[in-house]
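Everything below concerns the one structure shown next.
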Amino acid sequence: MKHIILCLTTLLLIIIAVPALAQDEATPEAPSYLAYVTTQDFVTLREGPGTAFKRLDIIPSSTTLPAIGRTTDARWIQVIYGEMRGWIAARWLVWSGSMIALPADGVNPAPFIRLIRRQITVTDSMVIFNQVNYLPGQRVTFTTPSATVEVTGRLGSGTEFWLQFFYNGQYYWVGMWNLRYNVPGLTFYNVPDAGYVYPFGRIYEKLVDYYRRAINTYGVIKNIWSDLASGTTASCNFVPKLATSPEIMPSELENEAILIPSMRSLQTAIENTNSAITLFKNACNQEGQNRFLTTETVNQALDFLEIARRNFNLLSDVLPPTANRDPAFSN
């Protein structure tokens, strides 16, 4: 009888112990991240957000990594690679998830200093919202009477847009109208847009930025060739630098087909602007009689500039309404 009771007791202990053992050996849940990035080439992982920081490793192309932080301008992204935390230049990445919600300046980063560029003063009388996902969520009571904060993101364009700021470890949003439009909208042009969670937003911002740069270069070389065409001499002491095209991965453009015509127009405008610059530079590199231009050369430069002008005009007509197709506003 005692033997039977002992066996039953042992069996009961085994039955109870098995679930406990199974629970102890259960696979822990994988941590969830706000965003993931995928490298588009072999990229350098650095200790901090900049090329002056120590190189930690080289990450292969098409590697997907969890993102855990960003710089306030979103030009560098902090990631986890194996057992390391490091930074990658954003221009080599495509991503999914809520990039705008990542902690500004990263998680326990290597020490660095930087300039605070854009600040606003918020008060408890303003209409302020918390952040849900990556957008303005619910209206909250701002308990601090007045605080000077750094702007870390925006949503929208023109004058009617939201500003994101980081305060006491949390993101908030305030409408530009709360500031009574006393701060020019262009002050926040280079602040990351919430549309950056989509490829559309990143590509559109690049197109606008490089369009503005290129059209300024176009204006300079256009004045030079217009003077030469009218018989005025031009100095070779200043030769405009070639305009640059935005670095946009083909894989990103494929998913945002509506922006492909704008990209092609910008590239055509830049190529023809640079052709006119190259003609002028080549003439300046000549000596003696060879510096005198023929009518054919002047007309060739003006033809290049006319093609550039048409494409710049097309961009000025197409880009503003294209912004309304941003998924950040339609979802």
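The values are calculated or read from the model by the stated rules, or taken from the named source; none is laboratory data. None of the values given here were measured: they were computed from a predicted structure. Note that each Cβ is placed from the backbone with ideal geometry, even for glycine, and that neighbours are counted across all protein chains shown.
So, in region 290-316, how many residues would count as being outside any helix (DSSP H, G or I), free of Cβ contacts under 8 Å to residues at least 12 places away in the same chain and surrounded by 13 or more Cβ atoms within 10 Å (Cβ to Cβ)?
Here the count works out to 0.
Considering only region 125-147, I want to know if a residue exists there that is at pLDDT below 90, charged (D, E, K, R) and either in contact with a Phe, Trp or Tyr (Cβ under 6 Å, 6 or more places away or on another chain) or over 24 Å from VAL208 (Cα atoms) (or both).
no
If you scan region 256-302, which residues turn out to be hydrophobic (A, V, I, L, M, F, W, C) and over 26 Å from the mean Cα position of the chain (by Cα)?
Passing the criteria: ALA276, ILE277, LEU279, PHE280, ALA283, CYS284, PHE292, LEU293, VAL298, ALA301, LEU302.
Of everything in region 230-240, what is in contact with a helix residue (DSSP H, G or I) (Cβ under 7 Å, 6 or more places away or on another chain) and exposed (fewer than 15 other Cβ atoms within 10 Å of the Cβ)? Give them in sequence order.
CYS236
Select from region 63-88 the residues that are modelled with pLDDT of 90 or more and part of a loop (DSSP other than H, G, I, E, B) and write down the one among them that is farthest from PHE112 (Cα to Cα).
Result: THR63.
Restricting region 92-109 to residues that are among the aliphatic types (A, V, I, L, M) and in a loop (DSSP other than H, G, I, E, B), which is surrounded by the most Cβ atoms within 10 Å (Cβ to Cβ)? Working first, answer last.
Going through region 92-109, the residues among the aliphatic types (A, V, I, L, M) turn out to be 93-94, 99-102, 104, 107.
Narrowing the set further to residues that are in a loop (DSSP other than H, G, I, E, B) leaves 102, 107.
Numbers: LEU102: 26, VAL107: 11.
Once the filter is applied, the top-ranked residue is LEU102.
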